[in-house]
Amino acid sequence: MDQLAVSYARELAPFAIETAIVVPGAYTKGTNHFPNAGHPKDEDRAKAYAAGWSADFSDRMQKALAATDPPDSDPTEIGRAVAAIATAPVGKRPFRTVIDPADDGAKVTFPVVDRVREQFLHRIGFPELLHPTGWQR
């Protein structure tokens, strides 16, 4: 999903449309994320996949991931971040905001990926796709 958002942002930049991507971490409070996360619709394929793992794998993984959510994490941080972005002046909004109390590495990896994409657009001669410009008819 992130790649689609980045692609749209780059396509819309020449039309003076600013994009802000919010990357929320998984919260166990308020959302009960892990038990309620999406499940495959193809139940036969899901069963075949699950059969390849030990019987308790899924439960152990969910518990391990849920344990990374600190006790003081607050999912309303996401709403506050969105409000701050929406009220920031045009041109001053961050391209990507990561709110991740579990610190799964997104705060480190996304800036690297974004920088590599920016360097690539410069290399192929399309730096105008990096930031919104004052497009007019």
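The values are calculated or read from the model by the stated rules, or taken from the named source; none is laboratory data. Quantities reported herein were computed from a predicted structural model and do not represent experimental measurements. Neighbour counts are summed over all protein chains in view; Cβ atoms, including those assigned to glycine, are modelled from backbone coordinates with ideal geometry. Please note that ligands, DNA and RNA were not included when accessible areas were found on the heavy atoms of the full protein model with its side chains. Shrake-Rupley method; radii C 1.70, N 1.55, O 1.52, S 1.80 Å.
Just a few scattered comments:
- Candidates ASP100, ASP72 - the one that is surrounded by fewer than 15 Cβ atoms within 10 Å (Cβ to Cβ) and either among the hydrophobic types (A, V, I, L, M, F, W, C) or farther than 22 Å from ARG10 by Cβ (or both): ASP72
- Options ARG60, ARG10, ARG80, ARG93: the member that is in contact (Cβ under 8 Å) with a residue 40 or more places away in the chain and either open to solvent by 50 Å² or more (accessible area, probe 1.4 Å) or in a loop (DSSP other than H, G, I, E, B) (or both): ARG93
Results for (1) at pLDDT below 95; (2) within 18 Å of GLN3 (Cα to Cα), shown as yes or no for each residue.
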residue	(1), (2)
GLY91	yes, no
THR97	no, yes
ALA106	yes, yes
ARG117	yes, yes
ARG123	no, no
GLU128	yes, no
ARG137	yes, no
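- Matching entry among PRO101, PRO70 (being touching a helix residue (DSSP H, G or I) at 6+ places or on another chain (Cβ under 8 Å) and in a loop (DSSP other than H, G, I, E, B)): PRO101
- Selection from the stretch 104-127 of residues that are open to solvent by 50 Å² or more (accessible area, probe 1.4 Å) and either in a loop (DSSP other than H, G, I, E, B) or of a type in the set (A, V, I, L, M, F, W, C) (or both): ASP104, VAL108, VAL112, VAL113, VAL116, PHE120, ILE124, PHE126
- Any hit, the stretch 32-55, residues being modelled with pLDDT of 90 or more, of a type in the set (Asp, Glu), part of a helix (DSSP H, G or I) and open to solvent by 70 Å² or more (accessible area, probe 1.4 Å): yes
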